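Just below is one structure, and these are the notes that go with it.
Every number in this text was worked out from the coordinates using simple rules, so none of it is lab data. What you see is a predicted model; the values in this text were computed from it and never measured. Note that each Cβ is placed from the backbone with ideal geometry, even for glycine, and that neighbours are counted across all protein chains shown.
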Amino acid sequence: MAIQDPGETGQAFPTAPDIYSEPTRKVGPGWITAVLLTNLGINAVLFASLQVLLAQQSQSFDAANKEAVLALATGFGAAVSLVANPIAGALSDRTTSRLGRRVPWVLGGTILAFAALLMLSGAPNIAVMVIGWCLVQAGCNGAYAAVTATIPDKVPTLQRGQVGGLAAMGQTVGIVFGVVLANLAGGFVLGYIYCAVFLAASIVAFLVKGRDTPLDPALRPPFVWGRFLKSFYISPAKYPDFGWAWLTRFLVNLGNNLFTLYLFFFLQDAVGHTDPAAGVLILTGIYAVMVMITAVVGGPWSDRLGRRKPFVIASAVTIATASLLVAFWPSWPMALVAAAVLGAGFGMFLAVDFALLTQVLPSAADRGKDLGVINVANSLPQVFAPLVAAPVVLYLGGYTALFVLAAVVGLLGAVFVVKIKGVQ
């Protein structure tokens with residue numbers, strides 16, 4: 001058995017079948033729990049910081065310009081996350097530790113994020129805050145890239161919907177728990193410390209259960225910078241299924257981000273809600289509950305049927321339906337319905353689309369790198385959504401036009417997934 005080296009130069013390297021062959025043995029509840037907890041811990045840290053702690057800290061440094069300070073920190077952090085995830089995934093593919101390829105990166109990323117969170121808790125100025133947040137993003141994304149790659153490493157194809165659904169549930173619970181953790185702390189100093197401790201505790205099970213077969217150093221391709229950098233471009237012409245899957249994920253995530261970005265202002269200005277902040281909290285809670293339900297149900301359902309595309313198409317249509325509901329009937333009762341519909345669609349999408357993606361990866365030897373490239377499709381919509389949404393709301397039709405656009409973008413995701421040929 002042989003694989004191509006990362007530079008696709010035509011030179012082949014022998015591989016160990018137990019590392020690169022498709023797994024056939026189902027993983028047990030202990031291993032699944034370890035992955036779920038790691039996902040939960042990483043997302044709790046990221047969203048506690050993004051939604052609460054960084055805003056509090058920005059205000060403490062410069063109350064008059066808190067929005068600009070927060071934008072500075074989150075902007076640099078987003079740039080770091082776009083780079084850190086695929087690079088960490090690629091380097092984990094090449095790791096020859098006795099602990100396996102992925103565990104060292106989960107451990108190392110957690111140590112970096114832990115130290116950076118403590119740095120943030122005592123940051124004396126804005127510059128240190130920005131640097132600290134960038135390091136948190138680097139550490140968390142490095143750990144996330146590695147733990148994500150363990151799923152195609154260890155989980156057989158017909159169990160990936162189940163595991164993907166549970167991982168999505170861990171992600172959603174982590175987002176909610178992170179906000180709860182930040183509020184319990186009563187301030188950003190203790191908040192960052194709580195997050196650091198929780199993150200460290202969340203990976204303990206993975207350090208025990210997540211070990212895989214070590215990569216023999218003799219089987220690792222030589223490292224050449226040019227080949228390494230070139231490997232991050234995955235040709236859509238050569239790997240069309242991967243290209244269509246990447247585009248589908250990008251579009252559905254963009255549609256979801258367009259829906260949620262201005263939710264506060266939509267409730268305030270279009271619906272006339274008396275307390276839009278409380279309204280957003282209620283809608284987010286409904287959304288999160290539905291994500292968890294459909295992620296856990298939809299993933300195993302697709303496993304049993306051995307089909308992915310019908311579920312992805314149905315979820316994209318469901319997400320688009322939620323956008324159209326509030327576009328044409330902007331009221332509080334309809335917003336409640338739309339939140340449930342959006343969560344139902346996105347939960348199924350998170351579980352089943354991830355399973356589909358693991359089946360179109362170009363190379364078993366590059367799973368970490370390729371999934372890191374896929375994760376860019378999760379992050380880029382967070383950058384594009386504000387650039388697209390602001391002019392639409394201000395100049396091109398307001399919130400009705402924004403939600404119709406979100407529906408159209410999501411439906412395009414459903415169209416393009418049909419073009420994937422290697423997965424049913």
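Laid out as a table, the results:
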| item | result |
| --- | --- |
| Peptide ranges 327-336, 152-161 listed from the most packed, as the mean C-beta count within 10 angstrom indicates | 152-161, 327-336 |
| Residues 172, 148, 260, sorted so that the one with the fewest Cβ neighbours within 10 Å comes first | 260, 172, 148 |
| Folded to 0 to 90 degrees: helix 240-261 orientation relative to the chain principal axis, Cα | 20 degrees |
| Options (i) 34, 23, 19; (ii) 34, 27, 20; (iii) 40, 25, 23 - which one matches semi-axes √(5λ) of the Cα gyration tensor in Å as calculated here | (ii) |
| Cα gyration tensor shape for the stretch 259-386, rounded if a/c is under 1.5, else prolate or oblate | prolate |
| Distance between the stretch 326-394 and the stretch 34-102 - C-alpha centres, whole angstrom | 18 Å |
| Cβ-based exposure ranking for 235, 315, in which fewest neighbours within 10 Å come first | 235, 315 |
| Cα long-axis angle, helix 332-358 against the chain (0 to 90 degrees, to the nearest 10) | 10 degrees |
| Global geometry of the stretch 33-98, whether rounded, prolate or oblate, following the gyration tensor of its Cα atoms and the 1.5 cut on a/c | oblate |
| Rough spin-label spacing in nm, given labels placed 7 Å along Cα→Cβ, for residue 396 and residue 421 | 3.4 nm |
| Degrees, to the nearest 10: 66-93 long Cα axis against longest axis of the chain | 20 degrees |
| Overall Cα dimensions of the stretch 27-210, principal axis frame, Å, largest first | 54, 31, 23 |
| Inter-probe distance in nm under a simple model that places probes 7 Å from Cα toward Cβ, at residue 223 and residue 264 | 4.3 nm |
| Potential lengthening between residue 200 and residue 76 on full extension [0.36 nm per residue; Cα-Cα distance subtracted] | 42.2 nm |
| Peptides ranked, highest mean first, by Cβ atoms within 10 Å: ranges 238-244, 388-394 | 238-244, 388-394 |
| Projected label distance in nm at residue 183 and residue 66, using a 7 Å step from Cα toward the beta-carbon | 1.7 nm |
